[in-house]
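Report on the following structure.
Computed from the coordinates by the stated procedures, all read-outs in this text should not be read as laboratory data. Remember, predicted model here, so these are calculated numbers, not experimental data. In this analysis, Cβ positions are derived from the backbone assuming ideal geometry, glycine residues included, and neighbour counts consider all displayed protein chains.
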Amino acid sequence: MRADITGVILAGGRSIRMGGEDKGLIQLGDKALYQHVLKRLIPQVNHVIISANRNLHSYQKSGLPVVSDSMADYPGPLAGMLAGLTYARTEWVVFTPCDVPDFPINLVEKLWQHKDKALAAYASDDQRDHPTFALLHTSLVKEITHYLVQGERKLMLFMAAVNAKKIIFSSQQDIFRNLNTPNDCQKWLQEKGINQ
């Protein structure tokens with residue numbers, strides 16, 4: 001049995017490699033990029049929140065709660081995680097970035113089953129860590145707040161500091177591929193056979 005879990009889509013970054021366009025709102029076929037992520041996340045969680053810092057009205061059209069960073073100047077994914085953890089009404093919250101539409105359909109289940117007694121767990125493939133795919137307990141709010149107030153930003157250093165459990169998704173690098181540039185988006189559409 002798995003606990004009640006809230007899912008948070010992290011869509012609050014600057015999207016520099018996307019020419020400053022709001023990455024989550026880039027149109028891919030008949031849906032915005034974040035909606036492709038949302039479709040994959042909904043079956044895995046009990047509730048969904050969107051973390052965004054721009055174009056809030058566009059995200060609110062989803063009918064989902066939209067939360068923003070409490071700190072200015074885009075401090076990075078940890079600030080979005082803090083906003084999600086603070087808003088969530090469940091003990092456990094899972095996070096996904098808004099630009100990885102093919103993430104594992106068993107992401108939440110696997111993070112939950114293999115976290116053991118850790119208060120945080122994150123995904124990794126055979127080659128790289130993917131700490132924005134993370135399961136965190138809401139009791140970490142104080143630690144994240146303290147970390148950010150100290151001026152720290154690095155997500156992997158925070159994960160190490162709280163003894164987060166690394167969960168390996170073997171031979172699955174492709175499903176953690178993020179769409180960073182317009183070219184990445186075009187390639188993904190072609191692979192899926194979706195007309196733009």
*Those residues that are under 16 Å from the mean Cα position of the chain (by Cα) and of a type in the set (Phe, Trp, Tyr), I need them from region 123-157; list them, please.*
Phe133
*Would you please name the residue that is nearest to Phe169 (Cα to Cα), looking only at residues in region 86-107 that are under 12 Å from the mean Cα position of the chain (by Cα) and of a type in the set (A, V, I, L, M)?*
Leu107
*Right, Asp174: within 25 Å of Val66 (Cα to Cα) and out of contact with any Pro (no Cβ under 7 Å at 6 or more places or on another chain) or not?*
no
*asked:* Within region 121-196, considering only helices (runs of 4 or more DSSP H) that don't extend past its boundaries, which have at least 2 residues that are among the basic types (Lys, Arg) and surrounded by 12 or more Cβ atoms within 10 Å (Cβ to Cβ)?
replied: 182-192
*Looking at region 86-98, which of the residues that are over 18 Å from Lys154 (Cβ atoms) and not polar (S, T, N, Q) is surrounded by the most Cβ atoms within 10 Å (Cβ to Cβ)?*
Cys98
*Before we move on, is Ala118 of a type in the set (A, V, I, L, M) and in a loop (DSSP other than H, G, I, E, B)?*
yes
*State yes or no: is Ile167 touching a strand residue (DSSP E or B) at 6+ places or on another chain (Cβ under 9 Å), within 23 Å of Leu85 (Cα to Cα) and touching a residue at least 60 places away in the same chain (Cβ under 8 Å)?*
no
